[in-house]
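What follows is a set of notes on a single structure, which appears directly below.
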Amino acid sequence: NAGVMQNPRHLVRRRGQEARLRCSPMKGHSHVYWYRQLPEEGLKFMVYLQKENIIDESGMPKERFSAEFPKEGPSILRIQQVVRGDSAAYFCASSLTAVSPTGELFFGEGSRLTVL
Amino acid sequence: DAKTTQPNSMESNEEEPVHLPCNHSTISGTDYIHWYRQLPSQGPEYVIHGLTSNVNNRMASLAIAEDRKSSTLILHRATLRDAAVYYCILRGTTDKLIFGTGTRLQVFP
């Protein structure tokens with residue numbers, strides 16, 4: 001059973017370009033979370049999605065960032081007009097259960113975005 | 001979600017037990033205590049969780065104080081592969097995990 005798959009693992013963009021990060025959850029999981037980790041810092045929650053729905057986007061920056069989790073295919077985190085401050089590792093996690101304080105999150109290896 | 005407090009860093013020698021403390025004095029009655037760890041250049045991985053009773057699994061043990069205001073993650077025999085940042089997280093009715101800064105564990109041969 002494959003784990004959470006993220007791609008690309010490394011992405012380099014110039015300022016003003018767009019970055020698209022993809023996340024395929026574990027088989028059977030329909031809940032996806034995105035986190036951002038700046039260098040030498042902890043993980044910051046960005047958004048929680050279920051299939052075709054954004055459940056909690058309280059951690060998403062108001063501009064330039066968007067996320068989706070379509071009925072078919074991976075979840076996508078999209079960053080438009082990237083700036084140097086967007087350089088970070090972006091982690092995706094998936095879970096089997098909804099709204100459970102006991103459920104385990106399974107994380108991917110992350111996508112490392114570098115903005116030149 | 002209630003806040004947790006952990007030491008910034010700890011050190012251990014290989015083969016020795018490690019006790020990683022976590023304070024959570026504002027924990028509510030429905031909060032579960034979760035531990036995750038993040039190895040270098042990897043995503044976090046689940047370690048263990050508990051509510052009131054001590055818990056054991058193949059990775060570690062979790063000792064929870066009687067008043068639940070603190071807990072300790074116990075690695076019974078540290079290995080070099082246990083060097084990581086360990087996060088203590090309280091998880092209540094909200095579905096998202098809120099990570100703090102964690103404890104960076106160094107293991108020396």
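The values are calculated or read from the model by the stated rules, or taken from the named source; none is laboratory data. Treat the numbers as computed from the prediction; the structure is a model and nothing was measured. Glycine also receives a Cβ, built like all others from the backbone with ideal geometry; neighbour counts cover every protein chain displayed. Just the protein is used for accessible areas: all its heavy atoms, side chains included, with ligands, DNA and RNA removed. Shrake-Rupley method; radii C 1.70, N 1.55, O 1.52, S 1.80 Å.
Observations on the model:
- Nonlocal amide H pairs with A:A88, under 5 Å, H built at 1.01 Å: A:L113
- In this entry, the stretch B:53-109 is assigned a mean projected area of 5.0 nm², taken as a quarter of its C-alpha convex hull surface.
- Element breakdown for chain A at a 1.4 angstrom probe: carbon and sulfur atoms account for 47% of the accessible area.
- Rh (Kirkwood; distinct C-alpha pairs) - chain A, Å: 14.2
- Highest-fluctuation residue, A:R64, A:R22, A:R36 considered, GNM on chain A with Cα pairs under 10 Å: A:R64
- Within chain A: Cβ-based charge dipole about Cα centre, in debye rounded to nearest 20 (Lys, Arg +1; Asp, Glu -1): 460
- Separation in nanometres of the label points that stand 7 Å from Cα toward Cβ, at B:D67 and A:R78: 5.2
- For the stretch A:7-64, alpha-carbon Rg and Dmax in angstrom: 13.0, 37
- Modelled this way, with points 7 Å down the Cα-to-C-beta line, the labels at B:M10 and A:H10 are 3.4 nm from one another.
- Whole-number accessible area per residue in Å² for the stretch B:20-70, which is evaluated in the context of all protein chains at 1.4 Å: 49
- Expressed as a whole percent, the accessible surface of chain B that belongs to carbon and sulfur atoms is 48, based on a 1.4 Å probe.
- Largest-first principal axis extents, alpha carbons of the protein assembly as shown, Å: 50, 38, 34
- In the elastic network of chain A, a GNM with C-alpha springs shorter than 10 Å, the most mobile of A:G103, A:G16, A:G73 is A:G103.
- Projecting the Cα positions of B:V18, B:L75, B:T52 onto the charge dipole of the stretch B:1-105 (unit charges on Cβ atoms of Lys, Arg, Asp and Glu, taken about the Cα centre) puts B:T52 furthest along the positive direction.
- The residues of the stretch A:10-116 have, on average, 50 Å² of accessible surface per residue, using a 1.4 Å probe with all protein chains present.
- Estimated buried accessible area (total), pair B and A, 1.4 Å, Å² to nearest 100: 1800
- Cα centroid separation, the stretch A:44-116 to the stretch B:8-71 (Å): 25
- Computed P(r) (all Cα pairs; chain B; 10 Å bins; percent): 16, 51, 29, 5, 0
- For residues of B:39-47, the mean tally of beta carbons on other chains within 10 Å: 5
- B:Q42 versus A:D56: modelled label distance in nm, points set 7 Å from Cα along the beta carbon direction: 2.6
- Lysine pairs within the protein assembly as shown, Cα separation less than 16 Å, 8 or more sequence positions apart or different chains: 8
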